[in-house]
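The values are calculated or read from the model by the stated rules, or taken from the named source; none is laboratory data. Quantities reported herein were computed from a predicted structural model and do not represent experimental measurements. Heads up, the Cβs are rebuilt from the backbone with ideal geometry, glycines too, and the neighbour counts pull from every protein chain shown.
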Amino acid sequence: MASNLKNLSVFEGTDIPNAEEMKFGIVWAEWNHAITEKLMQGAHNTLIKYGAKPSNIVTKTVPGAFELPLGAQYMAEFGQVDAIICIGCVIQGDTKHFDFICDAVAKGITNLNLQFGKPFIFGVLTVNTQEQAEDRTGGKHGNKGDEAAVTAIKMLGLKKSFESNKGKIGF
Ligand code: DLZ
């Protein structure tokens, strides 16, 4: 299992750009609120840790994970943000809801990345149990919100690198 190999809050050996000039949106789901609030706080704290200004971070909620893609789309259309972090927690239940929601959110967020040409980050836990969710919100596997924030910063760093070396090769 991937999170047994990598702690979600440890980024040793990776180059993380400074986020001072970057603007972020965080869209987070109200379902499983105790978990998603910790993911959102992890993401927010990590953005600040790497230089983002609090005034350059906008945070909004949506009812559940299924609504994350549309909430993120609204933010991309009407907000002045460079990257959007989508945060949710889907826990396996007795019905097929889990599969439908996970599939819809993953596809929806993937499409937004390509539609807008900007990073929309999949900060969604898809777990079998509450315990697995807690392990990934500040527990033994770290916090997926931290990982989502660092991923947003890195993707903007990558974009900037291409923009500032346009037409060159081998940079
Ligand atoms: C309905 C539902 C269920 C059963 N489980 C979750 C969940 O584990 N995590 C989550 O974020 N949302 C869940 N929802 C709500 C849906 O995401 C959505 O908000 C509703 O189906 C209304 O569209």
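Side notes on the structure shown:
- Per the listing V81, V10, the residue uniquely farther than 22 Å from Q115 by Cα and either surrounded by fewer than 20 Cβ atoms within 10 Å (Cβ to Cβ) or at pLDDT 95 or above (or both) is V10.
- Filtered residue count, region 64-87, keeping only those that are within 8 Å of the ligand (Cβ to nearest atom) and touching a Phe, Trp or Tyr at 6+ places or on another chain (Cβ under 7 Å): 2
- Residue list for region 26-42, filter: more than 16 Å from the ligand (Cβ to nearest atom) and either among the aliphatic types (A, V, I, L, M) or surrounded by fewer than 24 Cβ atoms within 10 Å (Cβ to Cβ) (or both): Q41
- Filtered by the rule that a residue be closer than 28 Å to I91 by Cβ and of a type in the set (F, W, Y), region 1-60 gives F11, F24, W28, W31.
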